[in-house]
Amino acid sequence: MTTPVFRFAPSPNGELHLGHALSALLNRQMADAVGGRMLLRIEDIDTTRCTPEFEAGIYRDLEWLGIDWERPARRQSEHFVDYAKLLDRLIADDLVYPAFMSRSEARAWIVEHGESRDWPRDPDGAPLYPDADKRLSKRERRRRIAEGAPFAWRLDTEKALAGLAGPLSWTEFSDPQLGSTRKVDAQPELWGDVVLARKDVANSYHLAVVADDALQGVTHVVRGEDLFAATGIHRLLQELLGFPPPTYFHHWLVTDREGRKLSKSEQATGLNALRAAGVTPEEIKEMVGR
C-alpha cells in the first residue's frame, strides 16, 4: 500500500500569514491522520522576488507553530534543468508556441480589434491571450526569435485538449477528514493559453508545481480554494506529461475584515509580527480554526 504524501509549498517572497498557517496545519494534521509523510517545498522560481531572508522566516514560523517536515526541503530554484526538460518535451510535441506580446500589448491588440467588451476572461478576471501569435508561421516565429524579440512559451490549450482520449477530471475530498470524495470536471480551456515559461522566469508555477508533485510522489494536494480553478490546467499538464494525478482538497480561505483573502502584497499581518506581539501558537490555531 502506498504511503500518502502531503506537501506545504510556500513562496519565500514575503512573510507567512494566517492563511499559510491554516494550509500548513491542515497538511500536517491530515498527513498524521492517515500515517502519511509531510514535505516542505520552497517555491522560489521567481528569483527576483524570493529572498533567503523570507525563506529562513518560513522555517522559523513553521517550527514555532510546531509543524515538522522531512528534511531537506525541495527548493525549486535548484531544479530549473528538470523543468526545462519537460518544456522541451512539450515544444517537441508542438503543444506550446512562442508568444511575443506582453500583457499590455495583448490588451492593446484586443482594444484595437474592437472586442474588448465581449472578450473572454479567465477565472482570475484577466483577458485571454489573443490567438494572433498562434497563427504565425513557423518561419515568422524563427525570424522573430533570431532577431532577439522577447517571448514567452504558451500552452496551446485547444490543441492539447484535442489530443486527449477523453474528458479531464480530478478527485476532490469533501472535507479535511478525507472521508467522501467527488469528481470534478476539469476546465483548462477557461484559462486560454497559459504561460509555461518566459525570459525572466525560466518556468511557470503551473509547470513547476505539476513536475514537483510528480517527482516527489505527492498523493494528496491540500491548498487554498483560490487555486481550485487552476487545477484544470494542472490536470491537463499531468496528462500531457504522463504524470499520475494526486487527490485534491481545496480548503477555505482566511479572510480580512472586508472578506478578502489575506495577501502578502497587501501586507497582511504576518506570523512574525503576531509572534512579536505575544500571540502564541495555540492562539494562532484557534484563529484559523485548527
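Could you pull out the pairs from Lys85/Lys159; Lys134/Lys199; Lys138/Lys183; Lys159/Lys183; Lys199/Lys261 whose alpha carbons sit more than 28 Å apart here?
Result: Lys138/Lys183; Lys199/Lys261 exceed 28 Å.
How many percent of DSSP beta bridges within the chain run antiparallel, rounded to 5?
Taking every DSSP beta bridge with both residues in the chain, the antiparallel ones total about 50 percent.
Can you give the helix-only mean residue ellipticity at 222 nm for the chain, where every DSSP H stretch with n ≥ 4 adds -39500 (n - 2.57) and the sum goes over all residues, rounded to the nearest 500 deg cm²/dmol?
-10500 deg cm²/dmol
Regarding the chain, what whole-number volume in Å³ per residue does the convex hull of its Cα atoms give?
155
Can you tell me the order of 12-21, 210-219, 223-232, 168-177 when each peptide is scored by its average per-residue count of other Cβ atoms within 10 angstrom, highest first?
Top of the packing list down: 12-21, 210-219, 223-232, 168-177.
Pop the C-beta distance of Ala108 and Asp131 into the FRET formula with R0 = 22 Å and round what comes out to the nearest 0.05.
0.90
Once each part is reduced to its C-alpha centroid, what is the distance from region 127-182 to region 25-93 in angstrom?
Comparing the Cα centres of region 127-182 and region 25-93, I get a distance of 24 Å.
Percent relative contact order of the chain, based on C-alpha pairs within less than 8 angstrom and at least six residues apart?
Relative CO of the chain lands at 25 percent.
No value in this document is a laboratory result; all are computed from the given coordinates. All of these numbers come straight from a predicted model, not from anything done at the bench. Backbone-built Cβ (ideal geometry, glycine too); neighbour counts: all protein chains shown.
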